[in-house]
Amino acid sequence: MYRIRGLQIATAATLALTMTGEGVTADQARGRSIAERWCSGCHVAAPGQLQGSDTVPTFAQIGKSDKFDEASLAAFLAAPPHSRMPNLSLTRSEIKDLVAYIKAKQP
Ligand code: HEC
């Protein structure tokens, strides 16, 4: 499964790129597809997703929170500092896209 992950993300990114429109940057669109694939099992990661895990903050909450700016959010994702949130071994480019997506997201 891990071996094909890069390919899946590349495919999702290509799809997201072609669907990009209306004020959404390519980074944000790629970030959203990564979030839906890798984060939505626990987090409510996109508008329209009805359920995540109860005790996990939604991406809308994380985006609005003063706790993280772009740099600290990227640092968190590179090495999640606690045990309940898994380290997903994201690449720097995936992290950049996720930060763009989470920070830009409006409720
Ligand atoms: C297996 C479940 C799980 C997955 C998958 C997961 N997370 Fe988390 N995440 C958590 C939990 C649980 C917390 C809260 C940890 C805590 O508060 O101690 C958390 C916390 C966070 C926080 C910090 C929120 C805060 O206010 O402290 C960020 C940012 C975050 N996750 C981003 C992501 C991103 C981006 C992804 C996908 C790449 C992701 N998570 C995938 C379970 C998950």
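Add +1 for every Lys or Arg and -1 for every Asp or Glu among the other residues with Cβ under 9 Å from the Cβ of Asp27, and state the total. Mind showing how you got there, number by number?
Details: positive: Arg30, Lys96; negative: Asp97.
Within the 9 Å Cβ shell, the charges total +1.
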Can you compute 3J(HN,Hα) from phi for each residue in the range 41-57, using the Karplus curve 6.51 cos²θ - 1.76 cosθ + 1.60 with θ = phi - 60°, rounded to whole Hz and x for Gly and Pro? x, 10, 9, 6, 9, 8, x, x, 7, 8, 9, x, 9, 3, 9, 10, x
From the phi of every residue in the range 82-99, what ³J(HN,Hα) in whole Hz does the Karplus formula 6.51 cos²θ - 1.76 cosθ + 1.60 yield, where θ is phi - 60° and glycine or proline is x? 9, 7, 6, 9, x, 7, 8, 6, 6, 7, 4, 6, 5, 5, 4, 5, 5, 5
Starting at the first residue of the range 59-65, write each ³J(HN,Hα) from the Karplus equation 6.51 cos²θ - 1.76 cosθ + 1.60 with θ = phi - 60°, in whole Hz, x for Gly and Pro. 5, 4, 5, 5, x, 7, 5
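Rule-based calculations on the coordinates, nothing more; no lab input. All values reported here derive from a predicted model rather than from experimental measurement. Quick reminder, even Gly has a Cβ in these numbers, built from the backbone with ideal geometry, and neighbours come from all protein chains shown.
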